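Asker: For reference, the structure I am asking about is given below.
Throughout, read-outs are computed from the coordinates displayed, never taken from laboratory work. Treat the numbers as computed from the prediction; the structure is a model and nothing was measured. Glycine gets a Cβ as well: all are built from the backbone with ideal geometry, and neighbour counts include every protein chain shown.
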Amino acid sequence: MSTITQEQQDKIAEVVNGMNLSAGLGDEKSACSIAAINLALIGELTDNIPKCMSEALGRWIIRIQDALLFQIRNSKEWKSLLPLAAGTGNNASKNEKVIKLLDEWVWNIVTEYTAEWMTQSDIAEDWKKVLNEKTEASAQHVLDKLGDAMKGASPGNELANLSNNVVLSSYIVNYLYAESLYIPSTFGFHDYKSKTAVAIINGIDVRLNVSNYMYDYEKGLEFWTKLDVPGLLKRMIEC
């Protein structure tokens, strides 16, 4: 059951459909997803999570919507979910379910996209352990081995590949440290999980779609479309 009225949902739909949603807070003519919701509900340009919304879901929207390509952030599918997201209610059970879905999504992406990169070095078995155990210790072990390998790497492709793997591994280590750094179910925990999840996705995006310092927008759009962020948001709303 939604924590807001149908009239409020309709007002949110009117506001988000009447503007281009921005990356960053934006302004009253082009606000971010959460700010647009607040403009509809209270008439204020703020990205504070409304009390009627799941805090974990709100933090995820704030973090991921800035990373989304313009077409996806302003797609009919994304915008249609925002009125429903606003009424998800903020309680521990809901927030826990949202984070569980986020974890599953992140690890599915990491498993799909990193296997080939990591097997190009001598950490293939260690990386399989990371994917199976999903622990701080296993990921930190890989990061340490990659760091040692960089010391003796030859300049060029070998060093570049190792450097890329170090960056991606560090993002994953940070993601796994959430439970150690924050009490689960707190604001800091929800924001940290979302922030580090987006760092992982952005790291993979750059690895796949940047060449000669130029971003291949068509390939990027294909990548982000495959990730189906609106589909994840829909599952988070419904969980």
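Asker: Any lysines with Cα under 17 Å of the Lys219 Cα? List them, leaving off those in the same chain fewer than 8 positions away.
Answerer: In chain and number order, there are no partners.
Asker: Which residues make up the longest stretch of the chain clear of chymotrypsin sites (Phe, Trp or Tyr not before Pro) that lie in a DSSP loop with no more than 15 other Cβ atoms within 10 Å, not counting the sites?
Answerer: The answer is 1-176.
Asker: Please identify the longest segment of the chain free of exposed GluC sites (Glu not before Pro), where exposed means a DSSP state other than H, G, I, E or B and no more than 13 other Cβ atoms within 10 Å.
Answerer: Maximal segment without exposed cleavage sites: 45-239.
Asker: State to the nearest 20 debye the size of the charge dipole of the chain about its Cα centre, where the only charges are +1 on K and R beta carbons and -1 on D and E beta carbons.
Answerer: 320 debye
Asker: Restricting to DSSP H runs of at least four residues, report the calculated mean residue ellipticity at 222 nm for the chain, -39500 (n - 2.57) per run over all residues, nearest 500 deg cm²/dmol.
Answerer: -22500 deg cm²/dmol
Asker: Over 32 Å between Cα atoms, which of Lys145/Lys195; Lys51/Lys129; Lys29/Lys134 qualify? Write down the numbers at each step before the final one.
Answerer: Values: Lys145/Lys195 25 Å; Lys51/Lys129 40 Å; Lys29/Lys134 43 Å.
Exceeds cut-off: Lys51/Lys129; Lys29/Lys134.
Asker: [x] 33.1, 119; [y] 30.5, 94; [z] 19.2, 64: which one is Rg and Dmax of the Cα atoms in Å as calculated from this entry?
Answerer: Matching the structure shown: [z].
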